[in-house]
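The values are calculated or read from the model by the stated rules, or taken from the named source; none is laboratory data. No experiment lies behind these values; they were computed from the predicted model shown. As a convention, Cβ positions derive from the backbone with ideal geometry for all residues, glycine included, and neighbour counts pool all protein chains shown. Calculation scope for accessible area: heavy atoms of the full protein, side chains included, ligands and nucleic acids excluded. Shrake-Rupley method; radii C 1.70, N 1.55, O 1.52, S 1.80 Å.
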Amino acid sequence: MKKISAVMIIGIFLLITISKAQAQTSVAWQTKAIESYHVTVAFSKTTNIIFPYSIVSVDIGSRDVLAQKAKGVENILQIKAAKDSFPQTNISIITADGKLTSFLVDYAKHPSVLNLSLTGIGRQNTISISSQSINQEKMEHLASFALQSKEKIRGIKDKTFGIRFKLDGIFIHEDITLLRFNIANETNINYDIDQLRLYIRDQKKSKRTATQEIEILPVLVQDNISMVEGQSDSTMIFIVPKFTIPDKKYLAVQLMEKNGGRHLELHVKNKKIVKAVSIN
């Protein structure tokens, strides 16, 4: 009788243990369905989808649909049909806030809606992607810190025709570098910015030697401006992938005036880059 009781107790114990293990496994593997948005596209018309953050990645389920980011804009996706009456497909988009959004795409000769905005809604049909490299919200916080920081560097500036341009702050956080630029307009004529671009260049060599030029593209520009009014100044933060400058090269920063001749250029050496202030 005692043997039977011992066996029963062991059996009950094993049954409870297995039940708990199964319960934990079912919780660990629990899934959640993310509903897709729906959009219709035409062959002769373009549909625009506006996101609250920059588009990082686009995957199209079929070649029957064409998709591209709007020229000069990072948060607008333009889609249209590559042929008439294609079967339903889908598009998956990852944005810089770490969100994945999915669309089911159908053909319609006359779509009822040509412009969709996801900026004013909760974006329930999304799923977060765990990736610090594309977390724009985090970068915006870092840019705000760099904008307000009193840490400054000296000696990197240029001036022409009443326009002063300087790089007065370099910051580093993990895999990104933050560059703080200030543009001051000491004239009464507004300064319209055509472009502000960054290049890694070779130092001056003989005319027979070819030079290399690599452009560094920002992943985010905080407080981006298109004009500096007369007798005023503006500061902006450029966030770029972490970098250092190879030997016998330098960072060139070009500031060009739109429809004007007040062009400026900064030259930054590696000894300035490696002294970047750490943001923890």
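Hey, how many Å between the Cα centroid of region 63-122 and the Cα centroid of region 224-269? Region 63-122 and region 224-269 have Cα centres spaced 34 Å from each other. For a test of the definition: using alpha carbon positions, the gyration tensor, and the 1.5 limit on a/c, classify region 209-280 as rounded, prolate or oblate. In terms of gyration-tensor shape, oblate.
A 1.4 Å probe, protein heavy atoms only, puts the accessible area of Asp59 near 90 Å².
If Lys and Arg each add +1 and Asp and Glu each add -1, what is the summed charge of the other residues whose beta carbon sits under 14 Å from the beta carbon of Gln222?
Cβ neighbours under 14 Å give a net charge of -2.
Close amide H contacts of Ile216 (hydrogens built in the peptide plane, cut-off under 5 Å, sequence separation of 5 or more or a different chain): Leu198, Tyr199, Ile200.
Of the cross-linked pairs Lys69/Lys150; Lys152/Lys249; Lys99/Lys258; Lys71/Lys204; Lys45/Lys71, those separated by over 28 Å at the C-alpha level are Lys69/Lys150; Lys99/Lys258; Lys71/Lys204.
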